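Step one of this worksheet: look at the structure below.
The values are calculated or read from the model by the stated rules, or taken from the named source; none is laboratory data. On a predicted model such as this, the values are computed, not experimentally measured, just so you know. So basically every Cβ, Gly included, is an ideal-geometry build from the backbone, and we count neighbours across all protein chains shown. When the accessible area is computed, the model is the full protein with side chains, heavy atoms only, and any ligands, DNA or RNA have been set aside. Shrake-Rupley method; radii C 1.70, N 1.55, O 1.52, S 1.80 Å.
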Amino acid sequence: LNDMCGIDVRVKWPNDLLVDERKICGMLSELEAEADRVAFINIGIGLNVNNDPSTIEPAATSLKTLLGRNLSKKEILSRYLDLFETQMQSAAYDDVIEQWKQHTVTLNRHVRVVTTRDVFTGKAVDVDDTGALVLKCSDGSIKTIHYGDCFHQSR
């Protein structure tokens, strides 16, 4: 999206894409692997292209809203799949987290993370090599959070 549309899309941990703090895309993925053999990967992506999500969710936006024109969903999907295939064939998995960090808006911010059991607040200081968020809590303790809904806090 950054290259294709010339917009500054950033990643919010764990699975949202934002433009100017407004959600443009959400992703969910599931992977099953044994040792170094991947059995399957399921990826679900919801991208706001030619709609106006702000009527339902004021903190959301779309490509049409940002660019002032309709875009070809087929072209976006085709380019995404081509890039995804290239990435998968290169097997350059070791730098995925570093690439993610280059595009994040979550690190070095105060956040609230809600899981099914707990709520954690603190400063997002890192993402470890598994993709877990490393949070420094106000009491100085460090929490590693593997899943949850993350909300950026203003401070």
Do we find that ALA39 is hydrophobic (A, V, I, L, M, F, W, C), touching an Asp or Glu at 6+ places or on another chain (Cβ under 7 Å) and either in a strand (DSSP E or B) or over 26 Å from LEU107 (Cα atoms) (or both) in this structure?
-> yes
Please tell me if MET4 is in a helix (DSSP H, G or I) and open to solvent by less than 60 Å² (accessible area, probe 1.4 Å).
-> yes
Filtering region 26-65 down to residues that are among the hydrophobic types (A, V, I, L, M, F, W, C) and within 16 Å of HIS152 (Cβ to Cβ) yields ALA59, ALA60
Considering only region 7-39, how many residues are open to solvent by 70 Å² or more (accessible area, probe 1.4 Å), in contact with a Leu (Cβ under 8 Å, 6 or more places away or on another chain) and either of a type in the set (Asp, Glu) or modelled with pLDDT under 95 (or both)?
-> 1
Residue hits (region 55-85; closer than 21 Å to GLY6 by Cβ, of a type in the set (S, T, N, Q) and over 17 Å from the mean Cα position of the chain (by Cα)) are THR65, ASN70, SER72, SER78
Among the residues of region 81-128, the number that are surrounded by 11 or more Cβ atoms within 10 Å (Cβ to Cβ), without any contact (Cβ under 8 Å) to a residue 12 or more places away in the chain and closer than 23 Å to GLU21 by Cα is 3
Among the residues of region 137-155, how many are of a type in the set (A, V, I, L, M, F, W, C) and surrounded by 13 or more Cβ atoms within 10 Å (Cβ to Cβ)?
-> 3
